[in-house]
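What follows is one structure encoded as structure tokens, with my remarks underneath.
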Amino acid sequence: MTDYEKRCLDELDAKADYLLARQDEQDVQMKHMIARLVFLETRLHRLMQELDIDPELIESLQTIKNDARAINMAQIPFQQLN
């Protein structure tokens, strides 16, 4: 093996090590995000129970349509100003 091939191999090893380290960092960040989402969803469920709101009603198609309609109605005056 020539010196050039050894250098190329060393560079590839360094790049592979860097990519593995980045992947580990991203795995840790993803686990933190998932933990935070689980926490928020659990809190949302507890608050909905305290308010006697059925979670099934929140996630229904009609509720989604009503929310979308309300968002569009809120956006219309802002868009007319532009």
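Spherically averaged projected area of the convex hull of Cα atoms, the range 7-46: 2.3 nm². When the alpha-carbon atoms of the chain are used, the pair Rg, Dmax equals 25.4, 74 angstrom. When the chain is described by a simple charge dipole with +1 on each Lys and Arg Cβ and -1 on each Asp and Glu Cβ, the residue from THR63, TYR18, THR42 located farthest towards its positive end is THR63. The lysines within cross-link reach of LYS15, meaning a Cα-to-Cα straight distance under 16 Å and a gap of 8 or more places when in the same chain, are LYS6. Annotation for GLN49 and ALA35: the two label points, set 7 Å from Cα along the Cα-Cβ direction, are 2.3 nm apart.
Rule-based calculations on the coordinates, nothing more; no lab input. Owing to the predicted nature of the structure, the values given are computational and were not obtained by experimental measurement. All Cβ positions, even for glycine, are placed from backbone atoms using ideal geometry, and neighbour counts span all protein chains on display.
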